[in-house]
Amino acid sequence: MNAQPIQAIAIGASAGAVQALLRILPALPADFPLPVLIVVHVPPDRSNALVALFQSKCPLPVREAEDKEPIAAGTIYFAPSDYHLLVEADRSLALSWDEPVNHSRPAIDVLLQSAADAYGPALAGIVLTGANHDGAAGLAAVADAGGFAIAQEPAEAQVATMPAAALAACPSASAMTLDDIIFYLLTLATT
């Protein structure tokens, strides 16, 4: 554990994301103090139904990230379909239509790397289930910046490829089950 208090959570997931996030996000209490920034691979031609789904299940406010929006505490932000989600140095959100990374836009690496730059050791980065390598370089960036890096235990993930790649790229990351991740996040709410 690092000594600096965590000030933000960044999560990336792909195949199996909805099921994993349905375990984690509704467990966060209404007074959870940190922003939660999330990239899920969604097809570019589909409207993002994740916000509506999670709004009905989470005590925290859930919204789609907007360009130049200041990051608010205790809010869950989803990247919009077909836009990269970045964190600026002033800790506001930015949306980008740059080329896909790892065949994905939004890309998990883009979020994790920009959040690591903005928050440094005050960031917890989490890579969940998924079928490609997106998030591996981003999680390594979180660890390199002194943040706390977590990958879902691959044996538990619906699709193990993404968390396994993240653990390979970031050997210092903690492999955690979803229950472990929930427990860790809840400890952040009390520190």
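The values are calculated or read from the model by the stated rules, or taken from the named source; none is laboratory data. Values in this document were obtained by computation on a predicted structure and should not be read as measured data. Positions of Cβ are generated from backbone atoms using ideal geometry, with glycine treated the same way; all protein chains shown enter the neighbour counts. Just the protein is used for accessible areas: all its heavy atoms, side chains included, with ligands, DNA and RNA removed. Shrake-Rupley method; radii C 1.70, N 1.55, O 1.52, S 1.80 Å.
Can you tell me which residue within segment 103-144, out of those that are outside any helix (DSSP H, G or I) and over 14 Å from the mean Cα position of the chain (by Cα), is nearest to Gly16 (Cα to Cα)? Taking the candidates together, the pick is Ala131. Of the residues that make up segment 129-139, is at least one without any contact (Cβ under 8 Å) to a residue 60 or more places away in the chain, closer than 14 Å to Ser14 by Cβ and in contact with an Asp or Glu (Cβ under 7 Å, 6 or more places away or on another chain)? Taking every residue of segment 129-139 in turn, none turns out to be without any contact (Cβ under 8 Å) to a residue 60 or more places away in the chain, closer than 14 Å to Ser14 by Cβ and in contact with an Asp or Glu (Cβ under 7 Å, 6 or more places away or on another chain).
For segment 19-41, the set of residues classified as open to solvent by 50 Å² or more (accessible area, probe 1.4 Å) and of a type outside the set (Asp, Glu) consists of Gln19, Leu22, Arg23, Ala30, Pro33, listed by residue number. Taking strands (runs of 3 or more DSSP E) as the structural unit, those lying wholly within segment 48-91 and holding at least 3 residues that are within 18 Å of Asp117 (Cβ to Cβ) and touching a strand residue (DSSP E or B) at 6+ places or on another chain (Cβ under 8 Å) correspond to 84-87. Scanning segment 98-144 for residues that are among the aromatic types (Phe, Trp, Tyr) and modelled with pLDDT under 95 returns no hits. Of the residues in segment 8-29, none is out of contact with any Asp or Glu (no Cβ under 6 Å at 6 or more places or on another chain), closer than 19 Å to Phe183 by Cα, of a type in the set (D, E, K, R) and part of a loop (DSSP other than H, G, I, E, B).
If you go through segment 70-118 and keep only what is of a type in the set (Val, Ile, Thr), in contact (Cβ under 8 Å) with a residue 60 or more places away in the chain and surrounded by fewer than 24 Cβ atoms within 10 Å (Cβ to Cβ), you end up with just Ile71. When segment 42-69 is limited to residues that are farther than 25 Å from Asp31 by Cβ and at pLDDT 95 or above, the one that is least open to solvent (accessible area, probe 1.4 Å) turns out to be Asp67. Here Ala151, Ala164, Ala157 are screened, and the one residue that is in a strand (DSSP E or B) and at pLDDT 95 or above is Ala151. Taken together, the residues in segment 140-191 that are without any contact (Cβ under 8 Å) to a residue 60 or more places away in the chain and either buried (at least 23 other Cβ atoms within 10 Å of the Cβ) or hydrophobic (A, V, I, L, M, F, W, C) (or both) amount to 21.
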